[in-house]
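Everything below concerns the one structure shown next.
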Amino acid sequence: MLESMRWDNLRLDDGPGSASASGDGGHRCRDDQEGRGRDGQGGQVPLFGRGAVMRTFDTPGFAGMTFYEVQAKSIVSRVPDASRMPFRWTINPYRGCQHACAYCFARNSHTYLDLDAGADFNSTVVVKVNAPELLRKKLASANWPGEHIAMGTNVDCYQRAEGRYGLMRGIIAALRDAANPFSILTKGTLVLRDLDLLLEAAQVTEVGLNVSAAFVDKALWRAIEPGAPAPERRIEACAALNDAGLRCGVLMGPNATASAAAPGRSAPPPRAGPVTPARPSPAAPQPPMSS
Ligand code: SF4
């Protein structure tokens with residue numbers, strides 16, 4: 001049994017901080033309750049005691065979703081030394097993932113928030129709304145070593161929520177301005193929205209991009225990656241990034257699909273199987289993916 005997981009730094013003592021009451025930014029949304037629990041009582045989930053703002057959106061793409069907007073205390077997390085991951089620093093502006101992959105092995109990190117690793121992981125997403133400003137402060141600090149930062153290592157930074165919150169634009173801009181090397185692993189075609197910033201960043205630092213497309217079978221996609229864009233769209237997004245002059249690879253995981261789709265399996269497997277980088281991007285040290 002592993003003594004240390006790379007998500008250990010995501011436990012609540014390194015988690016969200018004080019209250020946030022951000023507006024809807026012009027989007028059609030409604031604040032159901034602020035700073036109160038799912039049961040409306042408050043205090044039953046640690047996030048609520050930290051003043052998270054609970055928000056739902058009246059748009060079909062967010063049906064059944066609940067977002068908790070928080071002011072994080074920190075945004076750059078150090079990977080535990082015991083981890084074998086080929087990177088030491090990560091950014092995760094979200095926790096929980098609407099892509100809802102059955103095999104996702106980041107699910108357990110949701111239990112650190114006293115949320116469950118099943119339906120809650122898919123439908124209850126924590127949004128660190130101050131991520132860009134926190135990152136700029138971190139990158140400007142005298143003790144920041146300027147090392148590579150990996151994104152998409154716990155949950156997908158280009159999940160659907162990013163289309164509404166737009167945190168990645170601020171994050172990439174901060175990394176570009178600091179010429180700090182970084183990599184992104186995603187299933188989200190939304191990454192193309194930030195092509196302009198990625199190209200600018202690649203002018204001054206190493207930018208590694210990889211798209212996760214474990215398979216192209218449509219039935220499997222709907223069965224075990226129900227919230228993610230279709231695999232062919234992900235591959236097309238990767239091609240578009242390459243056509244634009246960036247280097248993007250595709251990560252595939254046929255063993256993960258085989259185990260997740262095994263007859264009689266009713267619950268997500270605890271871990272994905274090995275992942276084979278078909279054409280890894282050279283500047284992107286990437287983990288066996290959760291994204
Ligand atoms: S595997 Fe990645 S994209 Fe799928 S649910 Fe997990 S974090 Fe999201």
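Rule-based calculations on the coordinates, nothing more; no lab input. Quantities reported herein were computed from a predicted structural model and do not represent experimental measurements. Note that we place each Cβ from the backbone using ideal geometry, even for glycine, and neighbour counts take in every protein chain shown.
Projecting the Cα atoms of Cys157, Leu199, Ile171 onto the charge dipole of the range 132-265, computed from C-beta unit charges around the Cα centre, puts Cys157 farthest toward the positive end.
Near Val76, no amide H atom lies under 5 Å from its own; only residues 5 or more places off or on other chains count, and H is placed 1.01 Å from N.
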